Amino acid sequence: MTASKTLALAISVAMLAAGFAWADSTREVPTPPPIQRPIPSPAMAPAQPVPPTLDGAQKRIDAGDFRGAIPILTQIVKAEPRNADALNLMGYSLRKTGQTDLALQYYNAALALMPRHLGANEYLGELYVELGQFDKAKERLVVLRAACGEECKQTTELEQAIQSRGGRW
């Protein structure tokens, strides 16, 4: 094949390709249908665990559900072992379910972090009253008086607990 014939063939192929391209560009291309995605429903959505909160535990405690508060508080204490409020509420819930030895440990852990923690001092004092250890309860009362005064709710409640169980000043 001569050079002129090769050139003519190349031009013909190029023109043919250009013609097909032009024809494709003028042709109407259908728009694809939109992708259908399912509307998520609660049953389809992956379960997102609700993180335990002190507020959730406090609501259980306020409702008298001390056993229900313990698993919530267990998770909080595991995640935040230096959370004095969680340790205190755990001690309180344990005391209310009759687990006084464990309650004592949690109150002491809270007080090791925050020696003037009002709730932990009051509740530990109440535990001592329940155990008949009035001298130790009075020690908690001294701490409360120094921390928040005579008219403080925690002070007055511990005083009442001591007096109601026959503790003398």
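The values are calculated or read from the model by the stated rules, or taken from the named source; none is laboratory data. This is a predicted model, so every value here is computed, not measured. Methodologically, a virtual Cβ is constructed for each residue, glycine included, from the backbone with ideal geometry; neighbour enumeration extends over all protein chains shown. For accessibility, only protein heavy atoms count, side chains too; no ligands or nucleic acids. Shrake-Rupley method; radii C 1.70, N 1.55, O 1.52, S 1.80 Å.
Does A69 meet the test of being in contact with a helix residue (DSSP H, G or I) (Cβ under 7 Å, 6 or more places away or on another chain) and small (G, A, S)? Judged against the criteria, A69 is a match. G167 fulfils the conditions (1) at pLDDT below 95; (2) open to solvent by less than 10 Å² (accessible area, probe 1.4 Å); (3) not in a loop (DSSP other than H, G, I, E, B) except for a single criterion, (3). Residues in the stretch 66-75 that are under 16 Å from A103 (Cα atoms) and out of contact with any Lys or Arg (no Cβ under 8 Å at 6 or more places or on another chain): R67, I70, P71, L73, T74.
The residues listed here are D62, D101, D85; of these, the one that is without any contact (Cβ under 8 Å) to a residue 12 or more places away in the chain and within 21 Å of the chain's Cα centre (by Cα) is D62. Taking the stretch 62-107 as the region of interest, how many residues are open to solvent by 50 Å² or more (accessible area, probe 1.4 Å), closer than 25 Å to A137 by Cα and polar (S, T, N, Q)? Summing the residues that are open to solvent by 50 Å² or more (accessible area, probe 1.4 Å), closer than 25 Å to A137 by Cα and polar (S, T, N, Q) in the stretch 62-107 gives 2. Of the residues E139, E122, E130, E157, the single one that is more than 23 Å from K78 (Cα to Cα), open to solvent by 90 Å² or more (accessible area, probe 1.4 Å) and of a type in the set (D, E) is E139. Can you confirm whether the stretch 60-76 contains a residue that is more than 30 Å from L131 (Cβ to Cβ), part of a loop (DSSP other than H, G, I, E, B) and at pLDDT 90 or above? The answer is no; no qualifying residue exists.
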